[in-house]
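Everything on this sheet refers to the single structure shown next.
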Amino acid sequence: MRHAVTYSLVPFSPAHLSPALWLDASDEATLVKESGILTSWLDKSGNDRDGISTGSSRPSISTGL
């Protein structure tokens with residue numbers, strides 16, 4: 001007698017790898033900006049290792065390139 005096997009595919013996420021830091025540029029909600037200038041980039045790993053941009057070297061954000 002054969003038994004039916006059912007598989008359930010779970011979409012891949014970097015969170016499955018338990019990263020120490022996860023910066024996701026495709027998630028605009030993690031990009032904190034003021035007047036088009038990036039001020040912080042929020043860490044999605046859950047480890048609170050946000051990237052902070054200070055001084056005159058802050059990157060600007062452009063969309064639709």
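Which of rounded, prolate or oblate describes the chain when judged by the alpha-carbon gyration tensor and an a/c cut-off of 1.5?
Here the chain falls in the prolate category.
Can you work out the accessible area per residue across the chain, with the rest of the protein chains kept in place, probe 1.4 Å, in square angstrom? Intermediate values should be presented prior to the final figure.
Values: 5480 Å² over 65 residues.
Each residue of the chain exposes 84 Å² on average to a 1.4 Å probe.
Quick one: Karplus J couplings for the range 33-40, per residue in order, coefficients 6.51, -1.76, 1.60, θ = phi - 60°, nearest Hz, x for Gly and Pro?
Each residue of the range 33-40 in turn: 9, 10, 6, x, 9, 5, 9, 7 Hz.
Give the ranking of L23, L31 by solvent-accessible surface, highest area first, calculated with a 1.4 Å probe. Don't skip to the end; give the middle numbers.
Working: L23 70, L31 30 Å².
Largest accessible area first, the list is L23, L31.
With springs only between Cα atoms under 10 Å apart, run a GNM on the chain and tell me which of G36, G55, G46 wobbles the most.
G55
The values are calculated or read from the model by the stated rules, or taken from the named source; none is laboratory data. Since the structure is predicted, the reported quantities are computational estimates derived from the model, not experimental observations. Ligands, DNA and RNA are excluded from the accessible area calculation, which covers all protein heavy atoms including side chains. Shrake-Rupley method; radii C 1.70, N 1.55, O 1.52, S 1.80 Å.
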